[in-house]
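Before any comments, here is the structure.
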Amino acid sequence: MNFTAAGLKRGYIAAQPLALGVLVYGVTFGLLARNAGLSIIEAVLMSATVYSGSAQTATVSGIAAGAGIGASVVTILMLNARYLLYGAALRPWLGQASTLQAYSSLYLLGDGNWVLSIKAHAAGESDTAFVVGSGVAMFLPWLGGTLLGSLANEWIADPKLLGLDFLLVAFCTAMGVGLIKARHDWLPVGAAVVAAVIVDRFASSSWTIVAAGLAGAFTAFVRAKEPA
Amino acid sequence: MTVRFDLLPLLLAVTLAAFVCRAGGFWLMRFVNVTARVDAALKAAPLGVMVGIMVPAALRGSTPEWLGLLAAGLVMRFTHKDLVAALAGVAMVALMRVVAR
């Protein structure tokens, strides 16, 4: 078991091809966070603490619709539920690091560096610092991008004419369509649409998000088959 | 330029929630196994959330927003790049709003 500067550097370098995409994504989040009413500091603070593009986008959308703490927390839990799987998959390897090393690596865990780490480990990487190295390589452009985007928003006179008020919804649509991988994904989608249409009549948008997420998760839970 | 004090408890709460997800699976693996049902539910939750964001926008919008949703969805289907698809959706909305003027 080892956790060295060399491993950290290997992770940092391995993640560089993804870093530019993260920067552009960060700029987009900065723009839409400002459009949803967050200040520059609030946007950057959120990127530094929540550090999850899809979860931040959904939460900001909720805040703009007047979401409170309860709805925001449930939204984050549903969007980041996949991290439970990521962390579980890393256990056999990252479990060899010290508790502090492991949990600080997990703080910086993202979709991109998780995939990289799993691949690297399968290809023989044994240094657990690879995980945090690749995490840092994604975290820094995410913060920088958020700052750039929220600053750039000041220079745009009429965001609505540029369609920027739609950026949030467009992003969620793209991410949602990207998540549909197989035919069996359409049933949770259908359940979520029904739940959203019904709840939208009675409650604020933030609870519509929660209801749709739970409807999708519950439908998938019920229809999935346990291997015999 | 400032931080609203009423937003701080919310930010703290979502920070904790995000970390619970990151650390939770790693921690729980000391005790339990992820079953196929749990796995399916964890994967479907984000999809449901995205639907929950789209549906109110579609219900409240009109032609520019509907075409924007369609553009974002179609471009995503063909390019598999969410950034490109989102910008296509935004461009469509901007274009239609100019046309509708």
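Each reported figure results from applying straightforward, stated rules to the coordinates on display, with no laboratory input. Being a predicted model, the structure only gives us computed values, none of them experimental. Quick reminder, even Gly has a Cβ in these numbers, built from the backbone with ideal geometry, and neighbours come from all protein chains shown.
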Through the Karplus equation 6.51 cos²θ - 1.76 cosθ + 1.60, θ set to phi - 60°, convert the phi angles of the range A:46-63 into ³J(HN,Hα) values in whole Hz; use x for Gly and Pro. 5, 5, 6, 9, 7, 6, 7, x, 5, 5, 5, 4, 5, 5, 4, 4, x, 4
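Is there a simple number for the mean count of other chain Cβ atoms within 10 Å of the Cβ of residues in A:129-135, and what is it?
On the way: counts 0, 0, 0, 0, 0, 0, 0.
If you average over the peptide's residues, the count of other-chain Cβ atoms is 0.
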Okay, helix-only estimate at 222 nm for the protein assembly as shown: each DSSP H run of n ≥ 4 adds -39500 (n - 2.57), divide by all residues, round to 500 deg cm²/dmol; what do you get? -25500 deg cm²/dmol
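Ranked by Cβ crowding within 10 angstrom, fewest neighbours first, how are B:31, B:19, B:78 ordered? Intermediate values should be presented prior to the final figure.
On the way: B:31 6, B:19 20, B:78 9.
Ranking B:31, B:19, B:78 by Cβ neighbours within 10 Å, fewest first, gives B:31, B:78, B:19.
So between residue B:84 and residue B:30, what do we pick up on full extension, going 0.36 nm a residue minus the alpha carbon distance? Don't skip to the answer; put the middle values down first.
Details: separation 54, 0.36 × 54 = 19.44 nm, distance 4.04 nm.
Extra length available between residue B:84 and residue B:30 comes to 15.4 nm.
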When we measure straight from the Cα of residue A:119, which lysines land under 24 angstrom away, once same-chain ones fewer than 8 places off are left out? A:9, A:181, B:43, B:81
Cleavage-rule hits, trypsin sites (Lys or Arg not before Pro), the range B:1-91, DSSP coil, Cβ neighbours within 10 Å at most 10: B:30
In the range A:136-228, which trypsin sites (Lys or Arg not before Pro) are in a loop and have at most 10 other Cβ atoms within 10 Å, using DSSP for the loop call? A:181, A:225
